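Student: Supplied in structure tokens, the structure appears directly below.
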Amino acid sequence: MNKKGFFGNWGGAYIPEILFQTFQELNHEFEVCKKDSSFWQEYIDLMSTYSCRPTPLTHATNLSRYFGGAQIYIKREDLNHTGAHKANNVMGQGLLIKRMGKKRVIAETGAGQHGMATATMAAKFGFDCTIYMGEEDVLRQRPNVFWMEKMGATVIPVTDGSRTLKDAINEAFRDWVTNVDNTHYALGTVCGPHPFPEMVAWFQSIIGMEAHEQILKQHGRMPARVYACVGGGSNAIGVFKRFIEEPDVELIGVEAGGHGLETGEHAARLCGTGASPGVAQGYKTMFLQDDDGQMLNTHSVAAGLDYVGVSPILTDLWEQGRVRFEAATDKEVMAALDLTMKKEGLIPALESSHAFVQAFKEAPLLSGDDAIIINMSGRGDKDIFTIAHAFNDPSWKEFIIDRAREYSR
């Protein structure tokens, strides 16, 4: 990364003048914290006592036996507090907010996991909290909305555009512009204007640091491949970062193939053909957009993967050929989720299940002496309504109807 916040050709800080001083302050505070070993130790202490770090690396013995080939290991970010990797970033940003003396935090969320983590952090540190969430995602992720509100956050459904993650980000930036004095925007992924991509990657790098040490201890050598789902890309860069300098470890990001790349109803930026370079939401990356630069609608069964752009860090690594990108369709995701539940008793989030799809395709092609790591970025509790609907579970439908009748009395 150069001094202007670019990763190769991607990134930067394309911000309105009213936010210039705010970003200067944020950059300064972040640079101070990076050089302060006591800050990182404070962060580690917080995550090991308030959250659940280090999260385990689980050897999936049944899946390994089922597929043959490589030994499958699963990095268990689902056991992190709030059920996903998102807590790593927001707790770190919470410590920054305290240093800057801000009293209010805002955030965007798609799958609800970042919103949950931000609401949790705000409750922990005593901040006022507002969460912007696309109206479509509010409907898909109602349990997370319930818990965010119970922790004291105000959840605002966004009705503009496609009513999903990109629209929630737009609304959060509008809020920040009008409330810069007392508010920090805890951006949830490795996107947006500098320093957010670098800052979020720094906090999320704890995933890969742990996994690197754990795989050496459990398997005795480096994995052949590491898999992660990619929406914005925070869990992916988190687990990849420590392995980037290991030339024999292949890194694979798995995007949302939706109903299939040929249908146009997907969110595949770097493995599809519909994305092109653009500048939006404060940074430059590959966006799904038309010839006039208007953002296209996206689709994924997973609310956290239908983002129209992708991290500038990952775009740079893709351009270098260091990270390979693939896509998993909704149908493949449900099959991988079903198999993982039945074979290992684990319930990955729909987002995480994308990584399982590609890992399952490739594990049989490797040697039994090889290992692969799948980053299970979150657990599937939040997806209960979507999963039950996708499986067409009759008892679940009956339960919902009965509950609706009971509540309407």
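Student: Considering only residues that are small (Gly, Ala, Ser) and part of a strand (DSSP E or B), which ones fall in the range 1-24? Reasoning before the result, please.
Tutor: Step one: list which residues in the range 1-24 are small (Gly, Ala, Ser), which gives 5, 8, 11-13.
Within the range 1-24, Gly11 is the sole residue that qualifies.
Student: I would also like to ask the following. Working carefully through the options Pro277, Pro348, find the one that is buried (at least 18 other Cβ atoms within 10 Å of the Cβ) and either free of Cβ contacts under 8 Å to residues at least 60 places away in the same chain or of a type outside the set (S, T, N, Q) (or both). Reasoning before the result, please.
Tutor: Details: Pro277 fails: buried (at least 18 other Cβ atoms within 10 Å of the Cβ).
After ruling out the rest, the residue left standing is Pro348.
Listed here are the residues, each with its yes/no results for (1) touching a residue at least 60 places away in the same chain (Cβ under 8 Å); (2) crowded, with 19+ Cβ neighbours inside 10 Å; (3) under 14 Å from Ser377 (Cβ atoms).
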position: Asp36; (1), (2), (3): no, no, no
position: Gln41; (1), (2), (3): no, no, no
position: Thr55; (1), (2), (3): yes, yes, yes
position: Asp78; (1), (2), (3): yes, yes, yes
position: Thr130; (1), (2), (3): no, yes, no
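Student: Find the residue count for the range 366-399, including only residues that are in a helix (DSSP H, G or I) and surrounded by 13 or more Cβ atoms within 10 Å (Cβ to Cβ).
Tutor: 12
Student: Of everything in the range 322-363, what is of a type in the set (Gly, Ala, Ser) and not in a helix (DSSP H, G or I)? Give them in sequence order.
Tutor: Residues of the range 322-363 of a type in the set (Gly, Ala, Ser): 327-328, 335-336, 345, 349, 352-353, 355, 359, 363.
Passing the criteria: Ala327, Ala328, Gly345, Ala349.
Student: Does the range 58-73 contain any residue that is touching a residue at least 12 places away in the same chain (Cβ under 8 Å), hydroxyl-bearing (Ser, Thr, Tyr) and not assigned by TED's automatic domain parsing to the domain that holds Ile237? Even if it seems obvious, please write down each step before you answer.
Tutor: Restricting attention to the range 58-73, the residues satisfying the condition of being touching a residue at least 12 places away in the same chain (Cβ under 8 Å) are 58-60, 62-64, 66-73.
Keeping just the survivors that are hydroxyl-bearing (Ser, Thr, Tyr) gives 58, 64, 66, 73.
When the remaining residues are screened for being not assigned by TED's automatic domain parsing to the domain that holds Ile237, the result is none.
No; the residues of the range 58-73 include none that is touching a residue at least 12 places away in the same chain (Cβ under 8 Å), hydroxyl-bearing (Ser, Thr, Tyr) and not assigned by TED's automatic domain parsing to the domain that holds Ile237.
Student: Starting from residues that are crowded, with 22+ Cβ neighbours inside 10 Å, of a type outside the set (A, V, I, L, M) and at negative phi, keep the ones in the range 258-274 and report whichever is nearest to the chain's Cα centre (by Cα). Outline the logic, then answer.
Tutor: First, the residues of the range 258-274 that are crowded, with 22+ Cβ neighbours inside 10 Å: 258, 266-270.
Remaining after also requiring of a type outside the set (A, V, I, L, M): 258, 266, 269.
With the extra rule that they be at negative phi, the set shrinks to 266, 269.
On the way: His266: 17, Arg269: 15 Å.
It comes out as Arg269.
Student: Here's a follow-up. All but one of (1) in contact (Cβ under 8 Å) with a residue 12 or more places away in the chain; (2) closer than 16 Å to Arg76 by Cα hold for Glu213; state the number of the condition that does not hold.
Tutor: Among (1) in contact (Cβ under 8 Å) with a residue 12 or more places away in the chain; (2) closer than 16 Å to Arg76 by Cα, the lone unmet condition for Glu213 is (1).
Student: Mind listing just one residue for me: the one in the range 206-240 that is in contact with an Asp or Glu (Cβ under 7 Å, 6 or more places away or on another chain) and not β-branched (Val, Ile, Thr) and, of those, farthest from Ser367 (Cα to Cα)? Reasoning before the result, please.
Tutor: Taking the range 206-240 and keeping what is in contact with an Asp or Glu (Cβ under 7 Å, 6 or more places away or on another chain), we get 207, 222, 224-225, 229-231, 235.
Checking the rest, the ones that are also not β-branched (Val, Ile, Thr) come to 222, 224-225, 229, 231, 235.
Details: Met222: 14, Ala224: 10, Arg225: 12, Cys229: 23, Gly231: 30, Asn235: 27 Å.
Looking at the filtered set, the residue picked out is Gly231.
Student: Restricting to the range 138-152, and then to whatever is out of contact with any strand residue (DSSP E or B) (no Cβ under 7 Å at 6 or more places or on another chain) and buried (at least 22 other Cβ atoms within 10 Å of the Cβ), can you tell me which residue is farthest from Ala303 (Cα to Cα)? Talk me through it step by step, then tell me what you get.
Tutor: Initial filter on the range 138-152 (out of contact with any strand residue (DSSP E or B) (no Cβ under 7 Å at 6 or more places or on another chain)): 139-144, 146-147, 150-151.
Going one step further and asking which of them are buried (at least 22 other Cβ atoms within 10 Å of the Cβ), we end up with 140-141, 144.
On the way: Arg140: 7, Gln141: 8, Asn144: 12 Å.
Per the criteria, the residue is Asn144.
Residues are listed down the side, and each one gets a yes or a no for (1) crowded, with 24+ Cβ neighbours inside 10 Å; (2) of a type outside the set (Lys, Arg); (3) not in a strand (DSSP E or B):
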{"residue": "Gly161", "(1), (2), (3)": "no, yes, yes"}
{"residue": "Lys166", "(1), (2), (3)": "yes, no, yes"}
{"residue": "Ala172", "(1), (2), (3)": "yes, yes, yes"}
{"residue": "Trp176", "(1), (2), (3)": "no, yes, yes"}
{"residue": "Asp181", "(1), (2), (3)": "no, yes, yes"}
{"residue": "Thr189", "(1), (2), (3)": "yes, yes, yes"}
{"residue": "His194", "(1), (2), (3)": "yes, yes, yes"}
{"residue": "Glu198", "(1), (2), (3)": "no, yes, yes"}
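For (1) in contact with a Lys or Arg (Cβ under 8 Å, 6 or more places away or on another chain); (2) among the acidic types (Asp, Glu); (3) farther than 20 Å from Gln281 by Cβ, each residue gets a yes or a no:
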| position | (1), (2), (3) |
| --- | --- |
| Ala186 | no, no, no |
| Ala211 | yes, no, yes |
| Gln218 | no, no, yes |
| Tyr227 | no, no, yes |
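Student: Turning to a different aspect of this structure: Collect the residues in the range 338-392 that are among the hydroxyl-bearing types (Ser, Thr, Tyr) and either within 17 Å of the chain's Cα centre (by Cα) or not assigned by TED's automatic domain parsing to the domain that holds Arg221 (or both), keeping them in residue-number order. Before the answer, list the steps.
Tutor: Kept after step one, since they are among the hydroxyl-bearing types (Ser, Thr, Tyr), are these residues of the range 338-392: 340, 352-353, 367, 377, 386.
Of everything in the range 338-392, those that are among the hydroxyl-bearing types (Ser, Thr, Tyr) and either within 17 Å of the chain's Cα centre (by Cα) or not assigned by TED's automatic domain parsing to the domain that holds Arg221 (or both) turn out to be Ser352, Ser353, Ser377.
Student: Can you confirm whether Met100 is within 23 Å of Trp202 (Cβ to Cβ), in contact with a helix residue (DSSP H, G or I) (Cβ under 6 Å, 6 or more places away or on another chain) and surrounded by fewer than 19 Cβ atoms within 10 Å (Cβ to Cβ)?
Tutor: On the way: within 23 Å of Trp202 (Cβ to Cβ): yes; in contact with a helix residue (DSSP H, G or I) (Cβ under 6 Å, 6 or more places away or on another chain): yes; surrounded by fewer than 19 Cβ atoms within 10 Å (Cβ to Cβ): yes.
Criteria met by Met100.
Student: Right, something else. Exactly one condition in (1) outside the structural domain of Ser300 (by TED's automatic domain parsing); (2) part of a loop (DSSP other than H, G, I, E, B); (3) among the charged types (D, E, K, R) is false for Arg405; which is it?
Tutor: It is condition (2) that Arg405 fails.
Student: Still on this structure, please answer the following. Provide a single number: the residues in the range 290-321 that are part of a strand (DSSP E or B) and of a type in the set (Val, Ile, Thr). Working first, answer last.
Tutor: From the range 290-321, those part of a strand (DSSP E or B) are 295; that's our starting set.
From the residues that got through so far, the ones that are of a type in the set (Val, Ile, Thr) too are none.
Within the range 290-321, residues that are part of a strand (DSSP E or B) and of a type in the set (Val, Ile, Thr) number 0.
The values are calculated or read from the model by the stated rules, or taken from the named source; none is laboratory data. From a predicted model like this one, the values you see are computed outputs, not experimental measurements. Backbone-built Cβ (ideal geometry, glycine too); neighbour counts: all protein chains shown.
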